[in-house]
Each structure stands twice: as structure tokens, then as C-alpha cells.
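The structure appears right after this line, and notes come after that.
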Amino acid sequence: MARVWYRLGPILTVVIAIFVLWYAGTVALNAPWAHDKAKRAGVELSFSELVSDTMSQQKPKLPAPHQVGQEIWKTTGAMVAKGRAFSKRSLLYHSMVTLSSTLLGFALGTALGIALAVGIVYNRTMDMSVMPWVIASQTIPILAIAPMIIVVLNAIGISGLLPKAVISMYLSFFPVVVGMVKGLRSPDHMQLDQMKTWFATRGQEFWKLRLPSSMPYLFTSLKIAMAASLVGAIVGELPTGAVAGLGARLLAGSYYGQTIQIWSALITAAALAAALVGLIGLIQTMVLKRMGMVR
Amino acid sequence: MIWIVAGFAAWAIGWWVNVQLSKRPKTRATGLAVPAIFGITIIVIWECMVHGLEISPVLLPPPSMIAARFAGSTGILWQDFVQTVIKGALSGYILGCGAAFLIAVLIDRFPFLQRGLLPVGNFVAALPIIGMAPILVMWFGFDWQSKAAVVVVMVFFPMLVNTVQGLQATDHMQRDLMRTYAANYMQTLLKLRLPAAMPFIFNGLKIATTLALIGAIVAEFFGSPIKGMGFRISTSVGQLALDLVWAEIVVAAVVGSAFYGGVALLEKAVTFWHPSQRG
């Protein structure tokens, strides 16, 4: 019990502190508008009236956590209860749109990243010529050219999922390349020599030594790649003109000043990111345990 | 047709030269030449393919056209650079990294806060923070202040997590030695723990350079005055002026690489003692 408290206590404290600050911020940021309204109505606000008003505005500067929670429930759980889980007003629908392009981009990026890493490890020319560009490619703010990728791919007739997935792919291949190169090179000389004394072919060396020993590195990179891929999918949805997806919800919310909608999309995106990264973490523990690599 | 042949020839020559170069022992010159040749080959192939396959410049302008546009609109590019990079990204970068550094030093004194903030910070660093952009644009207005705010939020957590980890990088032996010297908290901090934390701090600073540029540019998609790189990119895409978009991308790439390179150079100067820098 004491150990659980030692680990969870501080985290709980910080989380509670965040909520307290959030509520305080709600009151502070929304107070001017509440005062404004009261002045026009010609009434004095008592403190408790002020607080309750700041918590229940239609378009607050900062919505209170419970308002966001209600909005999320209204657009997910309540929609499911009404049997309209995937109507266009449902956050589930938008999450699915974002999720599908995130996963496609993540799969493409991981495949590209692993392929590049294998090439880099086994081919000296590729190592010397491609690796610096892989690193340089990430100093380019790729998200900035997201609109162009979308428009250009649309113009040649590719629309829908793939353009967004391309952006996710671009963001997610980098951590995989770097991690896998490190991982595939992690067996030391002793182990490589041992493979040589066993007369192992290059293929055997790859499948039986290099690939297994790169697994811990792979999973660490996959977590980063997944988070990056989600960001790519959300930004990729912005220039399509707010059709569908969490990014589109963000943009639509910012056009119409629907702060509660923005926040609920944001929280949903955060939950999605946490779930995806957590899922990879789970697979990681399972795989590494079976491989006998968990300490 | 001749363009396509030229493209393949360029590819073959570039590849052959690189194979020859990489067979030699690795020196500084080949280390720079090989990637340079690779880059030039790609640009030549791009130019040849655009002409050879008659790709419309509306879809993919050839590099020569981009270069011409770049030279022709330096005024606009400079104006956008000042608005987005200097005012938005740089001020946000300094504020965000500075604040994260100070707070990291503060929470380092309280192990309770440390154990609470590190997992939360790690969690937040994995979230799609860029989504905060529309909210911050709403709060701080359309001008550069809101872009700086987005950058602050984006760089804060990676920097915080790295600094806190760095401050824990000293081992017991070293701290005990400082105690036998009767060093007080400030002396231990300044003479042992901050220098030892520098590799971690610079890691955070390097990650933050890319995030800062991304934040400043993407925040402009949600509303901006009529200048700035993000504004120019989104409006030029709408007008199908893709050569101008590519010119902006060239600026962004050069700025991003220079920013990163600058921090890396600074790191080399500050952490010259670290094994990764001596190699």
C-alpha cells in the first residue's frame, strides 16, 4: 500500500492540481464576459453567481472540465445510446476517420523505416548517402507542407485516406529508421563473430541475431512514431476544408468560436494518443517477455 | 524522351560515384561529399523527370522554376521569415525553453513534485499538443503573440522532461565528493549538476528547434495577419502558386537546418568533455 502511494500519490497530486488550476482559470478567463453580461442586464453579481455563470457559458474562453466532459458524452456515449454511433455529429465517427489514416500512415512509415534501416545497416553507400538526409528531412517542418501534399495528391486523383496517411508516414518513419539502425547494430563483435564461427549466412545473421536484438529499440521507436503519426493525421485534416476527422473538428470549432467543441476534440485526440501508445507498450511487454528480454 | 534518358544517366552516374567514394576509407571529405552528391542527383533527376514526363508545374514545379521564384520574391520571403521565425518561433522558443529550464531546476529540489511531474510531463509530451493552436490563437489574437504561445506550449514539456532527467544524471559518488568539499546547494548545482545535465538539456533544445518551427507555421493555418510562412503556404496552395510554396519550404528547410545546426554547434562547444563528442 505504501509503495503504491509512493508511486501514485505524486501523480494524483499533480493531476488534481491541474484540475484545480483549470477551474481557477475558467473563472478568471470567463469573468470579464460574465461581468459584461451582468452590467448590461443591470444586476450586481455575487461571487457564487459569478462562479456559476463562468462555468456555464455557451462560448466560454476556457470551458470548465465538466462542460467538456458533458460535450464528449453527448457526442459519444449518448449518440451510441440513440443508435447513431457513426452519424456525422458523433465524435466516434470523427475519431474513426482520424484513427484509420493514423494507422495506415503508421504502418507505411514503419515499413519504410525498417526497410531503410536494413539498407543502411547492410549497404555502406546507403549509410553514407541516405542517413544524413534522413536526419536533415526532420529539420524541415514537414507539417508546413501538409496542405500542399493534400492539394497535389487531390489534383492527380488521389483523395481520401491516402494523402493524410502520407503525412503521417513522413512523420513516423524517422524515429523508426533511427531506432532500428541503432537496434540492428546493437549486437556486439563477440556475438557477430560467434555467428561467423557457426558459418551463418547473412540472412541467418539478420533473422536470428540482428532482428531479435533490435526489438527493444523497435518498440521504443514505435511509440514515438505512433504519437507523431496521430499529429500528422490531425494536421493533414486541416486543409481539406473541415470535412471529417478530429482535425476538421478543431478547425470548424475555431471558425465558429465553439470552444467546447475544440476542447472535446482535443481531449479525444489526447485519449486516442494515450490509448495507442499504451497498446504498443502492452504488446512490447508481451513480446519482450516471450523473448526473455524483460529484466 | 531525352530528358528521361538524362535523368537515368544522372542517377547512374551519381550512384556510381557514391559507390566508389564509399569504398574508400571514411574521411571528412567523403563524409560530406557522399550526401551532397546524393542530394544533387535527386535534384537533377527531379528536374529531368518533370520535363521528361511533362508534369504540369501546377503539380510539381521543377527546381529551376523554384529557384527563379525564390530569387524573384526575396522581399516577401524575408517578410514572412521575420514574422514567423524571428517573432513567432524564436521568441516562443526562448520563453518556453527558459521557463521549462527554470521550473525543472525548481522542481528538482522537491522529489515529490519530481515523481509527480515526470510521468505527467512524459504523457503530455506524447499528446498532439499542436491541437492547442486554435485555442491559443483565440486567446492571444492573430498576430505573432499567439504563435509564440503555441511554440511555448509545444517546447515546454520535452524541455522540462529532459532537464529534470539531466539534473539526476550525477551519481552518488560525485555528489558525496561535493559534500566532502562542504559545497552548498548552489555550488553543487552550478559546478557539478548543471554541467552534468548539459547533454540532456541540449537534447531537449535540439528537439525543441524542430517543434518551434512546426508550431509557429501550423498556428498560422488557424488565423494570421497577411504575412508569415504558414499564411503564405496555405494561401499560395489555394492559388496553385506551388513554386512560391516550394520557395517557402526551401526557406523553412534552410532555417530549420541552420537552427538545429546552431544548437548542435553550441552543444559541441559546451559539452566537449562528453564521450559522444570526443569520438
- Task: Could you grab me the full set of residues in segment A:23-32 that are surrounded by 14 or more Cβ atoms within 10 Å (Cβ to Cβ), within 13 Å of another protein chain (Cβ to nearest Cβ) and of a type in the set (A, V, I, L, M, F, W, C)?
- Result: A:Leu29
- Message: Looking only at segment B:97-130, how many residues end up being of a type in the set (D, E, K, R) and within 9 Å of chain A (Cβ to nearest Cβ)?
- Response: 1
- Subset tally (residues that are more than 13 Å from the chain's Cα centre (by Cα), touching a residue at least 24 places away in the same chain (Cβ under 8 Å) and open to solvent by 10 Å² or more (accessible area, probe 1.4 Å)) for segment B:211-226: 5
- Query: When A:Ser214 is evaluated against the numbered criteria (1) surrounded by 22 or more Cβ atoms within 10 Å (Cβ to Cβ); (2) farther than 30 Å from A:Leu266 by Cβ; (3) of a type in the set (Ser, Thr, Tyr); (4) under 20 Å from the mean Cα position of the chain (by Cα), which criterion, by number, is the only one it fails?
  - Reply: (4)
- Message: Please pick out the residue among A:Val235, A:Val277, A:Val231 that is aliphatic (A, V, I, L, M), within 7 Å of chain B (Cβ to nearest Cβ), in contact (Cβ under 8 Å) with a residue 40 or more places away in the chain and surrounded by fewer than 23 Cβ atoms within 10 Å (Cβ to Cβ).
- Response: A:Val277
- Got a sec? Which helices (runs of 4 or more DSSP H) wholly within segment B:1-108 have at least 3 residues that are farther than 28 Å from B:Thr235 by Cβ and polar (S, T, N, Q)? B:2-23
- Task: Kindly indicate whether B:Pro134 is free of Cβ contacts under 8 Å to residues at least 24 places away in the same chain and within 12 Å of another protein chain (Cβ to nearest Cβ).
- Result: no
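Every residue, every condition in (1) among the hydroxyl-bearing types (Ser, Thr, Tyr); (2) out of contact with any Ser or Thr (no Cβ under 7 Å at 6 or more places or on another chain), yes or no:
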residue: A:Pro147; (1), (2): no, no
residue: A:Val151; (1), (2): no, yes
residue: A:Leu161; (1), (2): no, no
residue: A:Ser168; (1), (2): yes, no
residue: A:Ser172; (1), (2): yes, no
residue: A:Pro175; (1), (2): no, no
residue: A:Met180; (1), (2): no, no
- Query: Among the candidates A:Glu49, A:Glu44, which residue alone is more than 14 Å from chain B (Cβ to nearest Cβ), outside any helix (DSSP H, G or I), among the acidic types (Asp, Glu) and over 30 Å from B:Asp108 (Cα atoms)?
  - Reply: A:Glu44
- Filter result for the condition that a residue is of a type in the set (A, V, I, L, M), more than 11 Å from chain A (Cβ to nearest Cβ) and closer than 20 Å to B:Ile86 by Cβ, over B:Val155, B:Val250: B:Val155
- Note on the structure: Of the conditions (1) closer than 15 Å to B:Val85 by Cα; (2) in contact (Cβ under 8 Å) with a residue 60 or more places away in the chain; (3) over 16 Å from the mean Cα position of the chain (by Cα); (4) within 14 Å of chain A (Cβ to nearest Cβ), the single one that B:Met229 does not satisfy is (3)
- Task: Examine segment B:46-53 for a residue that is in contact with a helix residue (DSSP H, G or I) (Cβ under 7 Å, 6 or more places away or on another chain) and more than 21 Å from A:Ala155 (Cα to Cα), and state whether such a residue exists.
- Result: yes
- Task: From the list B:Leu167, B:Leu194, pick out the single residue that is open to solvent by 10 Å² or more (accessible area, probe 1.4 Å) and either closer than 22 Å to B:Leu266 by Cα or modelled with pLDDT under 85 (or both).
- Result: B:Leu194
- Query: Which pairs have Cβ atoms under 9 Å, sit 6 or more apart or on different chains, and link a residue in segment B:37-56 that is more than 14 Å from every other protein chain (Cβ to nearest Cβ) to one that is loosely packed, with under 15 Cβ neighbours inside 10 Å and not hydrophobic (A, V, I, L, M, F, W, C)?
  - Reply: B:Glu47/B:Ser64
- In segment A:111-136, which residue that is of a type in the set (Gly, Ala, Ser) and more than 12 Å from chain B (Cβ to nearest Cβ) is farthest from A:Leu222 (Cα to Cα)? A:Gly119
- Task: Might you check whether a residue that is in a helix (DSSP H, G or I), closer than 15 Å to B:Ile129 by Cα and within 15 Å of the chain's Cα centre (by Cα) occurs anywhere in segment B:196-205?
- Result: no
- With respect to A:Gln58, determine if the residue is part of a helix (DSSP H, G or I), open to solvent by 20 Å² or more (accessible area, probe 1.4 Å) and more than 12 Å from chain B (Cβ to nearest Cβ). no
- Item | Pairs with Cβ under 7 Å, 6+ apart, first in segment B:262-279 and modelled with pLDDT under 75, second among the β-branched types (Val, Ile, Thr) | B:Gln277/B:Thr271
- Task: Output the number of the condition that A:Met180 fails; it satisfies all remaining conditions of (1) touching a Leu at 6+ places or on another chain (Cβ under 8 Å); (2) of a type in the set (A, V, I, L, M); (3) surrounded by fewer than 24 Cβ atoms within 10 Å (Cβ to Cβ); (4) over 30 Å from B:Val237 (Cβ atoms).
- Result: (3)
- Lone qualifier among A:Thr220, A:Thr197, A:Thr259, A:Thr268 - being over 28 Å from the mean Cα position of the chain (by Cα) and in the same structural domain as A:Ser101 (by TED's automatic domain parsing): A:Thr197
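The values are calculated or read from the model by the stated rules, or taken from the named source; none is laboratory data. Please read all numbers here as calculations on a predicted model, not as lab measurements. Please note: Cβ atoms are built from the backbone with ideal geometry, for glycine as well, and neighbour counts cover all protein chains shown. For the accessible areas, the whole protein counts, side chains as well, though only heavy atoms, and no ligand, DNA or RNA atoms are used. Shrake-Rupley method; radii C 1.70, N 1.55, O 1.52, S 1.80 Å.
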